[in-house]
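Worksheet: the structure to be examined is printed underneath.
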Amino acid sequence: MKKIILSLGVLVLATSVSFAQDKKKTAATPKAVEAAAPATGVEVLKFKEEVHDFGTIPQGKPVTNEFTFKNTSKEPITIQNVSASCGCTTPDWSKEPILPGKSGMVKATYNAAAAAPFSKTVTVITNVGTKTLTIKGVVEAPAATSVPQNNSSMKTTH
C-alpha cells in the first residue's frame, strides 16, 4: 500500500513539474502570439449565419437550411467532412474546393419526426479548421381531428 501511495505521489510531482515547464515555454507577449498566428483558420469562412431558427414546424415534414459562406482567404478551402449531432439531421455540402473570394454551402435537413423543441449541431471539418453550425426550432404535432375514426371490422349490408 505504501508503494502505491509513494508511486502516485511521484507521478503527481513529475506531472506538475512537466506542466510548469510547458507554461514557461509557451508564455509570450501578445504581439509575439499575433505574429506567430497565421491569417488562416475557420475565421476565413465567413458564414451568413451560424445559427438558424426554423421556428415552429409541422411534425413529419422535413425542413432544410442552407448555410452559405465565403472564402475570405488567399488559399482554396476544402470541406473534408460534415457530421450531424444525431441521425435526425442529414448534412450535405460543397464537394469541390472553394477558391478565394468564392462561396460554398453546407445544408442541414432535419427530419422533424418527434414533436418537441430541438437544437442540433452540424460540425464542418475543413483544411483550415472546424466550425460548428446550429439548427433549432419546435416541432408541433398535427392537430387532432374532431371526426372519430371508424375502426369497425363489421360489414354492413343494405
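Couple of notes before you dig in:
- Residues that are assigned to a strand (DSSP E or B) and more than 16 Å from the chain's Cα centre (by Cα) within the stretch 111-125 comprise just one, P117.
- Filtered by the rule that a residue be in contact (Cβ under 8 Å) with a residue 12 or more places away in the chain and out of contact with any strand residue (DSSP E or B) (no Cβ under 7 Å at 6 or more places or on another chain), the stretch 61-95 gives K61, S73, K74, E75, K95.
- P142, sole failed condition from (1) more than 18 Å from K46 (Cα to Cα); (2) at pLDDT 95 or above: (2)
- When V106, V122, V63 are checked against the criterion of being modelled with pLDDT of 95 or more, in contact with a Pro (Cβ under 6 Å, 6 or more places away or on another chain) and either closer than 20 Å to K48 by Cβ or not aliphatic (A, V, I, L, M) (or both), V122 stands alone in meeting it.
- Scanning the stretch 38-94 for residues that are closer than 23 Å to P142 by Cβ and touching a His at 6+ places or on another chain (Cβ under 8 Å) gives a single hit, N65.
The values are calculated or read from the model by the stated rules, or taken from the named source; none is laboratory data. What you see is a predicted model; the values in this text were computed from it and never measured. Virtual Cβ from ideal backbone geometry, glycine too; neighbours counted across all protein chains shown.
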